[in-house]
Amino acid sequence: MRKNITWVVFFFFPFVLCAQSRITLKGTVADRLARESLPYATVMLLDPHHRTLEGVVADEKGNFQLSSTPADTLRLRVQYVGFQALDTVLALKEGKEVLYVTLLLWPEANRLQEVTVRAERSATSVQIDKQTFDAARLGNTTGGTGLDVLQRLPAVTINAEGKIRMRGNAEFLVTVNGKFTHLAPADVLAQLPANVIEAVEIISSPSASADAEGKAGIINIITRKNMAPGRSIVANIGMSHVNRYGSDFTFYHSGAKTHAFITANYREYGIGGHRKGEIRTLHQDTVTYSPSFGERPTREQIYGIRAGAHYAINTTTSVNAAAYYGYRRNDRIANLHYRQYANAAQPLNLYQTFAEEALERTFYNQNLFVRTGQFFTTSVDVAKAFSQKNKLTLTGIYEYSVLGGPLRNQDNDRPGGALLLQERSDEVSPLDAWRLQADYSGRLTDYLTWETGYQWRAVHHRGDFVFERRNILADTWEKDPEFNDALDLWQSIHAAYVQISGQRGPVQFRAGLRGEHMYRTLTHERGQGPIELRQTDLFPSAQLLWKLRNDRELKMGYSKRIDRPTTKALSPFKNHRHSEAIWVGDPNLLPEITHSAEAALVQKRAKATFTLTGYHHRTSNLIFRVNDSYNRIILLTISTNAGDSRSTGMEFTSDIQPYKWLSLYLSANAYLFQIKNIENGTTDNAQSLNYNLNANLNFKINAKGRIQWNTTYVSRTATAQGFDTDLLLSNVTVRYQLHKNWTADLLFQNLFDSNRQTITNRSTLFYSSTEYAKYDRIVQLTLSYRFNDSGKGAKNIRTEYGERDF
């Protein structure tokens, strides 16, 4: 058992008690952060079947006393409004009649995961509305980002284009330490160093107090923070034999009433790549076939700085403040060789074979798409606890972001040859966003708690989009009015909710109702006045967790969710992304509405935990990017409400530790994905049986060294107009503790050089298939330094809207 077991004990308090006729338990309940007592907290003594033996309410100083006839095993549960409930197993032995304890609770905002006292922490745990995964047990991701952590979760898949799906749905909400955000998941996670992530929560059935955005639910990222008194430092630096390096540095200060941190990170990541594909179109009276191949490398640069502080004014009032500035640049380069064939002879056949005599031309395309973003966010929240366990929390968030970046597209008859086409576009899109909210909670009875709240949030997004095409003969740049526009979007949401939660014996329950009213108006230079949408929706939710006999738990949940379209999806003008595609949005898009239901059974054993979850999602007004023929060689990609979808599946996770030196985490997710009433597709319906597998093996060599192996497999997946092929990724990490404060990680990434995937789309008028290969088979060394670090959850923030539109 490690020396730092003292800190783990604060969470679990496994006490050795005396088996007398009566046993007395005396103690104090306190805030783990502020180290201040929690008045009127509830302390319950449970038997092994989670039935209440005795319960008391602490006094105004947080002190309590209770007694009971002991059984072989007793369980203690401590609850306080706005704080995570604490469950402790009490193993009884002869010799003591009175026990004194101090019980420390984490504030709810920190959302720390449950932990089971073993040689290793459990990889997963289940609460009433979520499942928590310990990032360290999912596979070593030192030197990576949040995307590397997310890819190891059973419910999550990421394809070659970077599109993330959760149980088959691409839309879900990402939060960081409970701070809600409307960011695109890939953009949030790409800017979070994996080193600072403590755990990931999959909230597949959110309560009414959470934002209704994110049809698949919420992924909450818990970051690390030191809670040991005094100062501490955590630093990491990583490098590889290719263009991939980065570092991050965090400084913590923790005092009796004040906790503060500042962290900075920098990352530059270059990946070589190759692209091979073909596009076939049936346009007017001609079939055109254009195979292509060439290099497709990407390069990403990210840096940011975050700071935050918590101050306990007194025993009932605390203040949190945080600020974040970040920069991200992503360069996607494509240098492709094209051969263009055509045939106008009847009968026309989209899939016909072309002879060399049908070759019309060859050309070399160079395409550079750069996306940049600067993000600034600041937040303040104040929490006030009253007597009788009532609590008021006020939160304010402001964000300012600037999005943009150039696009350059050029055709030559051959590399370095005569110029055939040259285009350029530039975007500048400033964004302001605000959020104000108030949440109030209180105790109705000894076992019932009620919560209510109001929220206002708004975003104002402007954008200037300039597109020019070069007149080669006149050597001048000319604007094309169909590709130029200026856009102004305002969207505001008023939301209110009420919910009741409680516990009766072994059953925890929660039910609530949330209402949201949205007003959206969009104007643009090429349009005829504002395009408005007003919509009011109600979002019911219910969750239940039942602790059964023999260490089994049953969890059930239902929620209604919404996903509102991004600014990019609403933009009503044409955007020429590359030689094969023109994108256009739809300002009349409707939000997607999803109904989700799930049930999970958890079985705990001495050396293993197993979880089996069944789920069903039904979505209407499904937003897809569907393709249509624009001309003979270009597809028009349109954002539209293309149909409805259903996902019905089973998810299994197992956390097994047969020996102290060996642990194994396995997970699998299989679901039937159905899309119905598809527009612009070859059929009205599409479906596929999809599955993904994850495994992580952790082998301790000795006290200082360990080896971790992890692998992820994603099956072929149906899309609105085609499919994505399967994908296999596997990595090995060797970790060695060089010194008390120094650790080295050697990562062997993409062992089988298998990061290859084909994306296919088709209809009666076109066929497009592209294979993407990423050359990210690398060896990376990361050095980590930690001084006085205990690595617990930190309150952090991200941008509210900006990175979502990145």
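The values are calculated or read from the model by the stated rules, or taken from the named source; none is laboratory data. Quick caveat, the model's predicted, so the values are computed rather than measured. We place every Cβ from the backbone using ideal geometry, glycine too, and count neighbours over all the protein chains shown. Heavy atoms of the whole protein, side chains included, go into the accessibility calculation; ligands, DNA and RNA do not. Shrake-Rupley method; radii C 1.70, N 1.55, O 1.52, S 1.80 Å.
Condition test on Tyr713, is it surrounded by fewer than 22 Cβ atoms within 10 Å (Cβ to Cβ) and either among the charged types (D, E, K, R) or farther than 30 Å from Tyr767 by Cα (or both)?
So Tyr713 fails the test.
I'd like to check something: does region 571-584 contain any residue that is touching a strand residue (DSSP E or B) at 6+ places or on another chain (Cβ under 7 Å), aliphatic (A, V, I, L, M), closer than 24 Å to Gly649 by Cα and not in a loop (DSSP other than H, G, I, E, B)?
no
Considering only residues of region 459-481 that are out of contact with any Lys or Arg (no Cβ under 8 Å at 6 or more places or on another chain) and open to solvent by less than 40 Å² (accessible area, probe 1.4 Å), which is nearest to Lys179 (Cα to Cα)?
Here the answer is Val459.
Residues that are farther than 22 Å from Ala208 by Cα and under 27 Å from the mean Cα position of the chain (by Cα): does region 437-458 have at least one?
no
Across region 748-765, which residue is surrounded by the fewest Cβ atoms within 10 Å (Cβ to Cβ) among those that are assigned to a strand (DSSP E or B) and modelled with pLDDT of 90 or more?
Across region 748-765, the extreme among qualifying residues is Phe748.
Can you list residue pairs whose Cβ atoms sit under 9 Å apart, with the first residue in region 590-607 being assigned to a loop (DSSP other than H, G, I, E, B) and the second being surrounded by 15 or more Cβ atoms within 10 Å (Cβ to Cβ) and acidic (Asp, Glu)? Count only pairs 6 or more apart in sequence or on different chains.
Pro591/Asp537; Pro591/Asp563
Pull out all pairs, ordered by first then second residue, where Cβ-Cβ is under 7 Å, the residues are six or more apart or on different chains, the first lies in region 543-560 and is more than 13 Å from Lys130 (Cβ to Cβ), and the second is among the charged types (D, E, K, R) and open to solvent by 70 Å² or more (accessible area, probe 1.4 Å).
Asp551/Lys604
Please list, ordered by first then second residue, the pairs with beta carbon atoms under 8 Å, 6 or more apart or interchain, first in region 327-353 and in a loop (DSSP other than H, G, I, E, B), second among the charged types (D, E, K, R) and modelled with pLDDT of 90 or more.
What qualifies is Leu350/Arg280; Tyr351/Arg280.
All but one of (1) open to solvent by less than 50 Å² (accessible area, probe 1.4 Å); (2) farther than 26 Å from His274 by Cα; (3) under 45 Å from the mean Cα position of the chain (by Cα) hold for Ala358, so report the exception by its number.
(3)
Looking at region 247-305, which of its residues are outside any strand (DSSP E or B), touching a His at 6+ places or on another chain (Cβ under 7 Å) and either among the acidic types (Asp, Glu) or surrounded by fewer than 16 Cβ atoms within 10 Å (Cβ to Cβ) (or both)? Lay out the reasoning, then the answer.
First, the residues of region 247-305 that are outside any strand (DSSP E or B): 255-257, 284-285, 296-297.
If we keep only those that are touching a His at 6+ places or on another chain (Cβ under 7 Å) as well, we get 296.
Matches in region 247-305: none.
List every residue pair whose Cβ atoms lie under 6 Å apart, where the two residues are 6 or more positions apart in sequence or sit on different chains, the first residue falls within region 704-722 and is part of a strand (DSSP E or B) and among the small types (Gly, Ala, Ser), and the second residue, located anywhere, is surrounded by fewer than 22 Cβ atoms within 10 Å (Cβ to Cβ) and at pLDDT 90 or above.
Qualifying pairs under 6 Å: Gly705/Tyr736; Gly722/Thr760.
Looking only at residues that are over 18 Å from Gly722 (Cβ atoms) and in contact with a His (Cβ under 8 Å, 6 or more places away or on another chain) in region 620-646, which one is surrounded by the most Cβ atoms within 10 Å (Cβ to Cβ)?
Arg632
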